[in-house]
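Engineer: I am attaching a structure below and will ask some questions about it afterwards.
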Amino acid sequence: MAVLAAIVVALGHPLLKPSSDSTATPGQDFSPFLPAPSLSDRPPSHAPHRESRGALDESDGVVPDGVTVLDDEVPAVANLDAELLDALRRAAQNAADDGITFTVNSGWRSAAYQKELLRKAVAQHGSEAEAARWVATATTSPHVAGDAVDIGPDRATDWLSEHGSAYGLCRIYRNEPWHFELRTDAADRGCPRMYADPTQDPRMRQ
Ligand SMILES: [Zn+2]
């Protein structure tokens, strides 16, 4: 037993010695043991949190003022279909020669943004049937797919109505002169016949 005790003491003794005396400071040693009230004791009202409603922002496709088709930073533009965006930029370069700038009023939208637009349209127009003439669902909207862009101002949409088919850029709905999509064979065949409004579009009947 005396031998065993001697071994335990011999092994244990070095562990009892403070280590790293020369480098550790009291602050570093003790800070992990300080209470951290800020993580759990803070009243909920002080905790920043994203509202689940009404917090749509640029990451949902909300477009700040003055964005053009050349903008690479704004998701509403950057998330558009690459071919559509390329056609828009080629057209925009030639329109610039006529002193015309393509402003993006809306482009790609998140499903959440589209749902909010539809909710507002139903409230504004009084019925889902009437709202459907203007705003698609998150499932059917070509904006959510990145396949549609709403251009302004009127001078730009007039220019695109006249010259857009050469770039495959076509109006789709008679009631939406600002809404353009890519129809790749339009350069050869011209743009397809327009629908009166989105309710005539077979893609909307899903
Ligand atoms: Zn549109």
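The values are calculated or read from the model by the stated rules, or taken from the named source; none is laboratory data. The model shown is predicted, which means the values in this text are computed figures rather than measured ones. Here the Cβ positions follow ideal geometry from the backbone for every residue, glycine too, while neighbour counts run over all protein chains shown. Ligands, DNA and RNA are excluded from the accessible area calculation, which covers all protein heavy atoms including side chains. Shrake-Rupley method; radii C 1.70, N 1.55, O 1.52, S 1.80 Å.
Engineer: What order, most packed first, do the peptides 119-132, 168-181 have when packing is the mean number of other Cβ atoms within 10 Å of each residue? Could you put the intermediate results ahead of the total?
Structural biologist: Working: 119-132: 13.4, 168-181: 19.7.
In descending order of packing, they fall as 168-181, 119-132.
Engineer: How large, in percent, is the carbon and sulfur part of the accessible surface of region 58-205 at a probe radius of 1.4 Å?
Structural biologist: Working: 3490 of 7560 Å².
Of all accessible area on region 58-205, carbon and sulfur atoms account for 46 percent.
Engineer: Quick one: dipole size for region 58-205, taken about the Cα centre, charges +1 on Lys/Arg Cβ and -1 on Asp/Glu Cβ, in debye to the nearest 20. Mind showing how you got there, number by number?
Structural biologist: Numbers: 15 positive and 25 negative charges, 122 e Å.
For this selection, approximately 580 debye.
Engineer: Once fully extended, how much extra length lies between residue 97 and residue 145, figured as 0.36 nm per residue of separation less the alpha-carbon to alpha-carbon distance? Walk me through the numbers on the way to the answer.
Structural biologist: On the way: separation 48, 0.36 × 48 = 17.28 nm, distance 3.07 nm.
Here the answer is 14.2 nm.
Engineer: Let me ask something else about it. Which whole-number value in Å² is the accessible area per residue of region 80-134, probe 1.4 Å?
Structural biologist: On the way: 2970 Å² over 55 residues.
Value for region 80-134: 54 Å² per residue.
Engineer: Sticking with this structure for a sec: Could you give the length gained by full extension between residue 78 and residue 65, i.e. 0.36 nm per residue of separation minus their alpha carbon distance, to one decimal place?
Structural biologist: Numbers: separation 13, 0.36 × 13 = 4.68 nm, distance 1.57 nm.
In short, 3.1 nm is gained.
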